[in-house]
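Contents: one structure, followed by commentary.
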Amino acid sequence: MIREFQKQDITQIEKIWLEASAISQSFLTPSFIETERQKLSSVYIHRTDTWVYEENDMVKGFIAMIDNEIGALFIDPLSHRQGIGSLLIDFVAMLHEALEVEVFKKNTMARAFYNKYGFNSIKEHFHEEANQELIRLRYTIA
């Protein structure tokens, strides 16, 4: 079931973000990951509209939106390839005419997921703090 984020979800969300990042963003430095983990609960989560996918009282994934931009979409690695990411995208797509997201160029897992869903690359730029290239993707809802 998809529901709105609640404060008590933060521990599970941080765990999911950390474990999923270790797999899909292993090219990022440990210091950058730690800084972003701290910002997740102290800054980012409070500036987004966030929904979680919950099953058997456990959060299995989450999506955080800033207007029509996906600020974060992370799924528990043990729940990958079960359609949870697509369900979360489908959910937020009902609220917007188009969706955008930025992914690291080296994050081949995320790029493959968004490509399969129908997102298209619209521009690239350099993320100084991460020292990595980012790709901005866009999905127009039909």
Exercise for review: Under 18 Å Cα to Cα from Lys123, which lysines show up? Leave out anything in the same chain fewer than 8 places away.
Suggested key: Lys105, Lys106
**Study point:** Long-range HN-HN contacts of Asp76 with modeled amide H, under 5 Å
**Key:** Gly61
Point to revise | Cα gyration tensor shape of segment 54-99, rounded if a/c is under 1.5, else prolate or oblate by comparing a/b with b/c | key: prolate
Review point. In debye, nearest 20: dipole of segment 1-141 around its Cα centre with unit charges on the Cβ of K, R (+) and D, E (-)?
Key: 340 debye
Revision key, fill the gap. Excluding ligands, DNA and RNA, the carbon-plus-sulfur percentage of the accessible area of the chain with a 1.4 Å probe reads 50 percent
Point to revise | Karplus-derived 3J(HN,Hα), 6.51/-1.76/1.60, for each residue of segment 36-43, Hz, glycine and proline x | key: 5, 4, 5, 5, 3, 8, 8, 10
Review point. What accessible surface, in Å², does a 1.4 Å probe find on Asp67, ignoring ligands, DNA and RNA and rounding to the nearest 10?
Key: 120 Å²
Check your understanding: Taking a probe of 1.4 Å, how large is the accessible area per residue of the chain, in Å²?
Key -> 58 Å²
**Study point:** DSSP-loop trypsin sites (Lys or Arg not before Pro) across segment 52-142, with at most 11 other Cβ within 10 angstrom
**Key:** Arg81
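The values are calculated or read from the model by the stated rules, or taken from the named source; none is laboratory data. As the structure is a prediction and not an experimental result, all values here were calculated from the model. Glycine also receives a Cβ, built like all others from the backbone with ideal geometry; neighbour counts cover every protein chain displayed. Each accessible area value is taken on the protein alone, full model and side chains, heavy atoms only, with ligands, DNA and RNA left out. Shrake-Rupley method; radii C 1.70, N 1.55, O 1.52, S 1.80 Å.
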